[in-house]
Amino acid sequence: AIKDQMVYITGKKDSVEVMSAIDLSGNIIWQTTFGRAMPAGDWPQSRSTPTVFKNEVYAISVFGDIACLNKKTGEIIWEVNGSQKFEGYGADWFTESPLVFDDKMIFTPGGSKTTVVALNRLTGETIWQSESIQDTSYFTSPVLFNKNGKEVLFTSTLHHDIFVDCKTGEIIQKFDHISGMVPQVIDDRIYFTGQYKTTGTLSSYSENLKERTIVWKDTAITYMIGGAVNYHGKIIVAGFDRGIFCLDQETGKVLSYYNDMNSSTFIVADDLIYCLEDGRGRLSLFRLNENNLELVSSFRIRMGTGPMIAHLSISDGLLFVRRGEVLMAYNIRNDKGKEV
């Protein structure tokens, strides 16, 4: 997450998770430990992208430790053991990035005591907690959803998709969980990527949010971690094991398909699509020519070790790529300025 020319990024050292603030030249300005980390073994990485809001930065550890830090100094303003306080449990671990707005920070502990809670973003005190729907949290970060001028929360648990009243925590409606883990709000509809070789889904909702209509299901067997990009009335999404798709937003029809790609994440800037492959470690640049995905150029990432599933970020003409212990910045400025 990048704000005011500073990169905020989570990682782990030994048994603790660490928040780092790094300037755009690559200098580490501060590092602060804030929660318990995954032990060594399969997928030991941190899971939460930090959220920067005004003068604070927020993060959630894999075991549900929540921290609010001063973005300039790294000093911890408050911290809460969210999983213990709310008796929650994730789907093996917590992978949620904090949603922060107004005076609230949202956390989804799941469990038998509650499902979603709002904490005071400046103190960590509980503002409200929803009823429990007797379900675990999942690989989803909550988003704000606007229906006819009313703003509500939308998120997913392991078995449900839910709408929650922002002011009270009342669960407005719950639906069976139908698709993947990264909700993409498109006007007053929501697109989900597929999940473990299932198709993606675009859904619309009634005025009172009590009814859901499946607008379409796509035929792209998608890579759920990669998410989707809404781009000029098209949806760009990665295939589960290979390829990237350009889908028509209104019908879900595959408009074009680029086959030579493997498990990717995307970001869009200045009408160009930047794509990072996990499988082969290629960073590729695409242009959408009408409905056709055209490869402009690509090269292989040589630095770092382990998987490449951290999402890309862009700021000040720099493209940031994370792999393991390495953070890379690539100059993508139009003026061909000096190499970074």
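The values are calculated or read from the model by the stated rules, or taken from the named source; none is laboratory data. Note that the structure is predicted; figures quoted are calculated from it, not measured. Cβ atoms come from the backbone with ideal geometry, glycine included; neighbour counts cover every protein chain shown. Protein only, heavy atoms only, side chains kept; ligands, DNA and RNA dropped before computing areas. Shrake-Rupley method; radii C 1.70, N 1.55, O 1.52, S 1.80 Å.
Some notes on this structure:
- The set of residues from the stretch 153-166 being under 17 Å from M181 (Cα atoms) and either part of a loop (DSSP other than H, G, I, E, B) or open to solvent by less than 20 Å² (accessible area, probe 1.4 Å) (or both) comprises L153, F154, T155, S156, T157, L158, H159, D161, I162, F163.
- When the stretch 231-268 is filtered for residues that are in a strand (DSSP E or B), open to solvent by 10 Å² or more (accessible area, probe 1.4 Å) and at pLDDT below 90, the ones remaining, listed by number, are Y231, F266.
- Of all residues in the stretch 170-182, none are surrounded by fewer than 20 Cβ atoms within 10 Å (Cβ to Cβ) and without any contact (Cβ under 8 Å) to a residue 12 or more places away in the chain.
- Residues of the stretch 229-247 that are of a type in the set (D, E, K, R) and in contact (Cβ under 8 Å) with a residue 40 or more places away in the chain: K234 alone.
- In the stretch 200-222, of all residues being of a type in the set (D, E) and not in a strand (DSSP E or B), the one that is modelled with the lowest pLDDT corresponds to E207.
- Tally, over the stretch 1-45, of residues that are open to solvent by 30 Å² or more (accessible area, probe 1.4 Å) and among the aromatic types (F, W, Y): 1
- Any chance G169 is among the small types (G, A, S) and outside any strand (DSSP E or B): yes
- Taken over the stretch 279-290, the criterion of being open to solvent by 40 Å² or more (accessible area, probe 1.4 Å) and within 18 Å of R322 (Cβ to Cβ) is satisfied by G279, R280.
- Restricting the search to strands (runs of 3 or more DSSP E) fully inside the stretch 46-136 and requiring at least 3 residues that are open to solvent by less than 50 Å² (accessible area, probe 1.4 Å), touching a Pro at 6+ places or on another chain (Cβ under 6 Å) and touching a residue at least 24 places away in the same chain (Cβ under 8 Å) gives 56-60.
- Filter pass, L319 being within 19 Å of the chain's Cα centre (by Cα), at pLDDT 90 or above and not basic (K, R): yes
- Tally of residues being charged (D, E, K, R) and surrounded by 12 or more Cβ atoms within 10 Å (Cβ to Cβ) across the stretch 203-226: 3
- Residue in the stretch 138-152 that is most open to solvent (accessible area, probe 1.4 Å), counting only those that are within 15 Å of the chain's Cα centre (by Cα) and not aromatic (F, W, Y): L144
- Residue among K12, K72, K54 that alone is basic (K, R) and modelled with pLDDT under 95: K12
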